[in-house]
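Undergrad: Below is a structure I'd like to ask you about.
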Amino acid sequence: QDLTKLTFIQEWPTPDGFWIPWILGSDKGFYSEEGIELEIVTPPTVADTMKFLGTGRAEVAFTTSMDIVFAKSQEAPVVAIGRYGRGNNWGILSATGDKLSVADLKGKTLGIYNDAWTMAQLEMILSDAGLSMEDIKTVAASDDTVPLLLQKRVDAVTGITNAEGTEIVTVTGKAGEFLPAIEHGAPNTPIFALAANMGWLAKNPDTAKAFLRATTKSIAYSAAHPEEAVEAFAKRYAKAYDPAFIKQQWLDTIPLFGTTDNKALLNDAKDWETLVAALAKFKVLDGLLPATDYFTNDYLPE
Amino acid sequence: MQPEKQPLWRSVLYPVIAFILVIGIWWGAVEFYQVPRYVMPSPADVWAHILDDYRTLWIGFQVTFKEFLIGFVLGAVSGFVMAVLMDTSKTVRGVLYPILIVSQAIPIIAISAALTIWLGFGLAPKLVIVALVVFFPVVVNVLDGLRSVDGDLLRLARSMGGTRWSIFRHVKMPATLTPLFSALKLSATFSVTGAVIAEWSASTSGGIGAYLMQANSRLNTSGTFAAIAYLALLGLVAFVLVILVEYLLTPWRNKPMVPRWSTRFWRK
Amino acid sequence: MQPEKQPLWRSVLYPVIAFILVIGIWWGAVEFYQVPRYVMPSPADVWAHILDDYRTLWIGFQVTFKEFLIGFVLGAVSGFVMAVLMDTSKTVRGVLYPILIVSQAIPIIAISAALTIWLGFGLAPKLVIVALVVFFPVVVNVLDGLRSVDGDLLRLARSMGGTRWSIFRHVKMPATLTPLFSALKLSATFSVTGAVIAEWSASTSGGIGAYLMQANSRLNTSGTFAAIAYLALLGLVAFVLVILVEYLLTPWRNKPMVPRWSTRFWRK
Amino acid sequence: MSTTPVPKLRLSDVSRQFDTNLALAPTNFDIAEGEFICVVGPSGCGKSTMFNIIAGVLHPSSGSVEVDGQDVTGKSGQVGYMLQKDLLLPWRTVLDNICLGSILHGRTTKAQRAEGVELAERYGLGDYINHYPSALSGGMRQRVALMRTLAMHRDVLLLDEPFGALDSMTRMAMQQWLLSVWKMEKRTVVFVTHDIDEAIFLADRVAVMSPRPGRIRDILPVNLPRPRGRNVYTAPEFLQLKDQIMTYIYDEKDNSDAA
Amino acid sequence: MSTTPVPKLRLSDVSRQFDTNLALAPTNFDIAEGEFICVVGPSGCGKSTMFNIIAGVLHPSSGSVEVDGQDVTGKSGQVGYMLQKDLLLPWRTVLDNICLGSILHGRTTKAQRAEGVELAERYGLGDYINHYPSALSGGMRQRVALMRTLAMHRDVLLLDEPFGALDSMTRMAMQQWLLSVWKMEKRTVVFVTHDIDEAIFLADRVAVMSPRPGRIRDILPVNLPRPRGRNVYTAPEFLQLKDQIMTYIYDEKDNSDAA
Ligand SMILES: Nc1ncnc2c1ncn2[C@@H]1O[C@H](COP(=O)(O)OP(=O)(O)OP(=O)(O)O)[C@@H](O)[C@H]1O
Ligand SMILES: Nc1ncnc2c1ncn2[C@@H]1O[C@H](COP(=O)(O)OP(=O)(O)OP(=O)(O)O)[C@@H](O)[C@H]1O
Ligand SMILES: [Mg+2]
Ligand SMILES: [Mg+2]
């Protein structure tokens, strides 16, 4: 049987536990069963994913909701075809036993992941306590902010529970303190998404459906077999990774899907509306479109 | 890479033609291939962005320029000192040379995190990163310069009763200026890249490198290319600066006489 | 940066001392300052990691070496051609030189996405990135070499009825070998860094650069430093390779006679 | 003057101007087949300019150059040419350097290389054909440079201060050697030198040039018998010629600042 | 020999071995105050080795060097020293190059610089004190190099082929100039040259050296009256000395391969 090659561009340059479904799915043959040969490629920087998707260099992408919004504001022909996770687990992490409130942030130094969504949410949280960006000092590190936190070079870092949070647990053996953004004005909408090039989508609806079917199946299987999932990852990326970290990350990720049935990837129109409204309110960018322009559920399995 | 002796109109005209050529090809390509804006903007987009955000860009330019300048001088000076150190003994040279060569293969980004942890978020780690870019070429060239001083000249200086220090000061050191500057010219623009990488590593600065990264993360290609344009400008400034300093420090290469303002000028 | 003529035992002993020194200082510092493992591992940790994962690292080494090698040759050849082109006319030189200089200030990572979009995810963009690292020094040095050929020698060759091409082939071109190789030596190890950046740019490869990034992104410092060790090795191999090729291609610099196996050797 | 009806080399009103500087005033000079002509004159009097014109690598501002009655003005490759600097290619063997002419014309044939070897053997460098020039002494290098010129098979050889860079003792040996080569090869030689002793020792006729503008001031025949040994330096005719040339050169008023 | 009771410069059994090569066999040589000694000999006969030992930059394998009866073996800074290469510092003005000795001893005083200017003016380079060496001709550069040596105020000057790189005409002018300097400054000069004419023209005594091992073969007094003009080249005494030196040099059996 001839397989259709599908280029799947990732959100950032380095593999991590989020990718487990398609890694394990490829190994188990879930994609080839659907006639797809999945080529997983990484971008130079987090910003380049949408360039590859928009120009059709890649057909599908693992990305963030925010990147889709930014890309569409630049008229890139991309659209979300599925969500990855349900809610917003982004927030501010600090060392174990050093729990911070929003008001405590005044005058503190924060290690941040340098993207637009981080800045936007940070502003939302700060305004909840009547603060602004002027009241804190931010440090953007290209790779990782966690070592800075552990070495007490910064007082706190921004991040999500199943990445930065996982790191803190793996290194120190204890969970860090977490200040969730959703409790302080940020919208509780999914961070990650699967996206596709719209031109390709129009011409290859069946392949798109096949891709999402296989992915849905992979998520369900990976959630049910975490040990196998971590093994598949370790096999592909050898010892460049700390297996303990990957395992922890996947375990931290599974609950975020909510369900792992056919509805796992379903886009919720309300989520998108909330997001667009928040972006408009905080003037994060110009050129916002109606919420329904950002996603489609047409290619999801029934 | 000594710039050619040429009439002034040429040394202005040629870069202008070069500039027009680059802009023209860029614009033509963007129009002809219908390159989408989120991949590559047209020169007009970039120009509009620069006009729109010139204040931030200008501040960024100054920040990055400062990082470049201090780091560059630091790297040049420490490279020079290292070369002098290595010139003193065969053993020192033999041991340090392999370390230097191999160290070049280590990507700076891989050690920038450790640098930040040791040195904090201030200027220090950025200066070190810029300095590292200049360091190696300077060591190699200055060492070559020191070792190529004519043995007869050294013998003559000794026969005149020169001490080790005075011979170094007056005979060997000035002989390293030409190779030193050729190393500096080769690494001037490249160390601007060093400053950018440094800003990415741990950025509290509002430099052009940080601007580039932020614009890039928002798919704001006009912003990205505006930053690149400023970096190109910074590279040009860096290069011209090195040439200028060389011109001032090595008057004997361009002039038949010592300049009148020099303390070495003899008035009857 | 011609390596010194020294007895064999020295050219082995010195690097060994250098190696021991680096490892010793590293180990001592890690122990003394109680540096945590997630900041910097001890040499023993790294060694353990290498033993544990040698297969992947070895494959990665080969992948990266291939990228380096092809890209390096590509960059050297195209730099050479560019220099020859620029040597033909003052105008071409005058226009291209400023472009070349300024282009050095643009960080490769800022354009690597565009490169990948044009050239795909395969080897091509990686080769271009490595080639870019070598390109500039080669152009500068070869151009200098071409322009420093003695005018009297050229006049002599013309008086002997040489054509433009045969004079280029037999008189000018061989004169560029020495500056060409000094550029290659200066950029050999550095272009290993180029290969690493290239792998970060669009990585479907399993090279050492990709390994480094993966390890680095998740605080696997043993993995990071294992990758750095392999990169250092790669840099050393690159450097030694260039020296070796230079030795073979320029026998007149080391030997009094043409080697017996050469076609230029005359047998009575 | 011992000119034959058709001279081997004829300069007719050859001159050359560089911007406002008349490097060579219109010059006429006939040289017979097999003659050995030496040209002496202070620095900057246009000797190299004249040679570059004859060799065809510099265009004269006026006048023409004829070889065997053929106009060769501006044509290169008609005469052999050699300079003070040996200009050997360091990356080529002695043999290849001797054969450089044919290399520049494409490939060297086996026969051409064999001829180069024969030349090297005949003139005492047979053991060095596979060496690189860096392995040779200054005198040996100049000999190779001359063989390179000989291997071009041109009847006229222009030698521009070929021994100027050698120490006096090596130089004397080279002069002897050059005369023996000239005798065997029967070429027409024009030889530029700063050294008056050398000029008289070698030449059939000595052309004395003077600068500003560069021109031939006089041509003096040397009637010393050949072969000439060390004893000619003390011959009265030699001393008288030397004195005359010195007078020409040092009593020109504007040479006091030449040093 | 015209030696005074205590010679200005005395070499006693000075020799130097390089590995297995005896560059200079044990040599004795006394030089009187104010004498002008020329040393001739083929390449490699140990002339520069001898100079380096006298200048104190090379240790002899045996023997001692005395200046005014004082043992100065291995001590540098006792004599003035000048080489064929002018070795001017390109980044220093002519004046600074002349004052290099005092610069190397710390700072130049105003007086030292004024003295340098005076030297330059006295010997025809007054207009060039603020120039860089690159703006000067070869002859001018050598004159600066000699002034640098004079400014050191050493009684003994060692000149190692100072004019070897100049063309013959510039060279003659420089010889005249050197003699005038020597006459005014009243120094003791030891002058190495390859050129026999030059040696005889300049010297009070000519030391002829021969190689393998390097040694002084003979010392010939030159009894030509001073000041010497161009006419000395044709004086019978000159020609006879020249012939004798040539015989010494060229009839040594192992010099045939020197070229
Ligand atoms: N390419 C050139 N452009 C301008 N002027 C030149 C050029 N070549 C030579 N001249 C000038 O022409 C005059 C004659 O120079 P030429 O080299 O022929 O002298 P020469 O007799 O060979 O001197 P030398 O003995 O130093 O070799 C000099 O004044 C020189 O400056
Ligand atoms: N530093 C050295 N190491 C080994 N051998 C040397 C050294 N310096 C000189 N020699 C040898 O000593 C001998 C004498 O050399 P020296 O330079 O004194 O000769 P010279 O008479 O000055 O020759 P030239 O006329 O070429 O200057 C030569 O055989 C030379 O090879
Ligand atoms: Mg000339
Ligand atoms: Mg010598």
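Undergrad: Among the listed pairs D:Lys75/D:Lys110; A:Lys51/B:Lys185; A:Lys106/A:Lys283, which have their C-alpha atoms separated by more than 25 angstrom in this model?
TA: Values: D:Lys75/D:Lys110 28 Å; A:Lys51/B:Lys185 35 Å; A:Lys106/A:Lys283 23 Å.
Distance filter (> 25 Å) returns D:Lys75/D:Lys110; A:Lys51/B:Lys185.
Undergrad: Rounded to the nearest 20 Debye, what is the dipole magnitude of chain E about its Cα centre when Lys and Arg each give +1 and Asp and Glu each give -1 at the C-beta?
TA: Numbers: 28 positive and 30 negative charges, 130 e Å.
Using only the charged Cβ atoms, the result is roughly 620 debye.
Undergrad: Quick check: the distance between the Cα centres of region B:220-268 and region A:191-235, to the nearest angstrom?
TA: Region B:220-268 and region A:191-235 have Cα centres separated by 57 Å.
Undergrad: Also, quick follow-up: Under 13 Å between alpha carbons, and skipping anything fewer than 8 positions from B:Lys90 in its own chain: which aspartates and glutamates qualify?
TA: Partners found: C:Glu4.
Undergrad: Chains B and E: buried accessible surface, both sides, probe 1.4 Å, rounded to 100 Å²? Display every interim value, and only then the final one.
TA: On the way: alone 16570 and 12590 Å², together 26180 Å².
Rounded to the nearest hundred, the buried surface is 3000 Å².
Undergrad: Shifting gears a bit: Every other copy gets compared here: list the nm distances from the C:Leu51 label point (7 Å along Cα to Cβ) to its counterparts, shortest first, one decimal.
TA: C:Leu51 label point versus its equivalents elsewhere: 6.7 nm.
Undergrad: Cut-off under 12 Å on the C-alpha distance; same-chain residues fewer than 8 positions from A:Lys99 excluded. Which aspartates and glutamates are left, in chain and number order?
TA: Cross-link targets: A:Asp155, A:Glu177.
Undergrad: While we're on this one: Taking 41 Å as R0, compute the FRET efficiency from the Cβ-Cβ separation of A:Asn188 and C:Tyr54 and round it to 0.05.
TA: Values: r = 46 Å, r/R0 = 1.13.
So the FRET efficiency works out to roughly 0.30.
Undergrad: Something else about it: Quick check on the protein assembly as shown: helices-only [θ] at 222 nm, where DSSP H runs of length 4 and up contribute -39,500 (n - 2.57) each and the sum goes over total residues. Nearest 500, please. Don't skip to the answer; put the middle values down first.
TA: Numbers: 50 runs with 680 residues, N = 1356.
Rounded to the nearest 500, it is -16000 deg cm²/dmol.
Undergrad: OK, next. May I ask you to give the percent of accessible area on the protein assembly as shown that is carbon plus sulfur, with a probe radius of 1.4 Å? Don't jump to the answer; show the numbers that get you there.
TA: On the way: 31260 of 53970 Å².
Of the solvent-accessible surface of the protein assembly as shown, carbon and sulfur hold 58 percent.
Undergrad: Further question: Need the per-residue list for region D:158-181: every residue with at least 40 Å² less accessible surface in the complex of protein chains than in the chain by itself, probe 1.4 Å, sorted by number.
TA: Checking the loss per residue gives D:Asp167, D:Ser168, D:Met169, D:Met172.
Undergrad: Taking every residue in C:115-122, how many Cβ atoms of other protein chains lie within 10 Å of its Cβ, on average? Intermediate results must be reported in sequence, preceding the final value.
TA: Values: counts 1, 7, 12, 5, 1, 3, 9, 0.
Other-chain Cβ atoms within 10 Å of each residue's Cβ, averaged: 5.
Undergrad: Right, another one. Under the definition of partner shielding as Cβ atoms of other protein chains within 10 Å of a residue Cβ, what is the mean value for peptide A:8-18?
TA: On the way: counts 0, 2, 1, 0, 1, 9, 10, 6, 3, 1, 0.
Partner Cβ neighbours, averaged per residue: 3.
Undergrad: Rank these residues by their accessible area, most exposed first, probe 1.4 Å: A:Glu228, A:Glu273, D:Glu35, E:Glu161. Can you show the working numbers first?
TA: Working: A:Glu228 60, A:Glu273 100, D:Glu35 10, E:Glu161 35 Å².
The ordering from most to least exposed comes out as A:Glu273, A:Glu228, E:Glu161, D:Glu35.
Undergrad: Rounded to the nearest 10 Å², what accessible area does A:Asp298 show when all protein chains are kept and the probe is 1.4 Å?
TA: Solvent-accessible area, nearest 10 Å²: 110 Å².
Undergrad: Taking a probe of 1.4 Å, how large is the accessible area per residue of the protein assembly as shown, in Å²?
TA: On the way: 53970 Å² over 1356 residues.
Heavy-atom SASA per residue in the protein assembly as shown reads 40 Å².
Undergrad: Then there's this: Give the residue from D:Gly101, D:Val181, B:Val22 lying farthest towards the positive end of the charge dipole for the protein assembly as shown; charges sit on Cβ (+1 for Lys and Arg, -1 for Asp and Glu) and the dipole is referred to the Cα centre.
TA: So the residue furthest toward the plus end is D:Val181.
Undergrad: According to the square roots a ≥ b ≥ c of the eigenvalues of the Cα gyration tensor, what is the shape class of chain A, taking rounded for a/c under 1.5, prolate for a/b larger than b/c otherwise, and oblate for the remainder?
TA: The shape class here is oblate.
Undergrad: C:Arg169 accessible area, nearest 10 Å², 1.4 Å probe?
TA: 90
Undergrad: Something else now. Once the Cα atoms of helix A:226-237 and of chain A are each reduced to a long axis, what angle between those two axes, in degrees from 0 to 90 to the nearest 10, is obtained?
TA: Its long axis makes an angle of about 90 degrees.
Undergrad: At the nearest 100 Å², what buried accessible area, both sides summed, do you get for D and E when the probe is 1.4 Å? Write down the numbers at each step before the final one.
TA: Numbers: alone 12610 and 12590 Å², together 22790 Å².
The summed interface area works out to 2400 Å².
Undergrad: Here's a follow-up. Leaving ligands and nucleic acids out of the surface, order D:Asp127, A:Asp271, A:Asp128 by accessible area at 1.4 Å, largest first.
TA: Working: D:Asp127 130, A:Asp271 25, A:Asp128 90 Å².
The ordering from most to least exposed comes out as D:Asp127, A:Asp128, A:Asp271.
Undergrad: Also, quick follow-up: Quick one: if the Förster radius is 35 Å, what FRET efficiency do D:Asp243 and E:Arg217 give, using the C-beta to C-beta distance and rounding to 0.05? Intermediate values should be presented prior to the final figure.
TA: On the way: r = 32 Å, r/R0 = 0.90.
After rounding, the FRET efficiency stands at 0.65.
Undergrad: On to the next question. Kindly tabulate the residues in region A:125-164 with an accessible-area decrease of at least 30 Å² between the chain alone and the assembly of all protein chains, using a probe of 1.4 Å.
TA: Residues passing the criterion (a loss of at least 30 Å², heavy atoms only) are A:Val139, A:Ala140, A:Ser142, A:Asp143, A:Asp144, A:Pro147, A:Leu148, A:Gln151, A:Arg153.
Undergrad: A further question follows. Going 7 Å from the Cα of D:Asn231 along its beta-carbon direction, which residues of region E:224-239 have the amide nitrogen within less than 17 Å of the resulting point?
TA: Those under the cut-off are E:239.
Undergrad: Leaving ligands, DNA and RNA out of it, rank B:Trp26, C:Trp27 by accessible area with a 1.4 Å probe, largest first. Please list the in-between numbers first.
TA: Working: B:Trp26 55, C:Trp27 110 Å².
Ranked list, largest accessible area first: C:Trp27, B:Trp26.
Undergrad: Using only protein heavy atoms and a 1.4 Å probe, how much accessible area in total is buried between A and C, to the nearest 100 Å²?
TA: Values: alone 13420 and 16560 Å², together 27380 Å².
Chains A and C together bury roughly 2600 Å² of accessible area.
Undergrad: Run the 1.4 Å probe and let me know the accessible area of A:His184, rounded to the nearest 10 Å².
TA: Counting only protein heavy atoms, the figure is 40 Å².
Undergrad: Any chance you could tell me what percent of the C-alpha pair distances in chain B go past 23 Å?
TA: Working: 22732 of 35778 pairs.
Across chain B, Cα pairs with separations above 23 Å total 64 percent.
Undergrad: May I ask you to find the residues of region E:117-139 that are shielded by at least 40 Å² of accessible area once the whole protein assembly is considered instead of their isolated chain (probe 1.4 Å)?
TA: E:Asn130, E:His131, E:Tyr132
The values are calculated or read from the model by the stated rules, or taken from the named source; none is laboratory data. What you see is a predicted model, and the numbers here were worked out from it, not measured in a lab. Counting neighbours? That spans all protein chains shown, and the Cβs are built from the backbone with ideal geometry, glycine included. Keep in mind that these areas ignore ligands, DNA and RNA; they rest on the heavy atoms of the full protein, side chains included. Shrake-Rupley method; radii C 1.70, N 1.55, O 1.52, S 1.80 Å.
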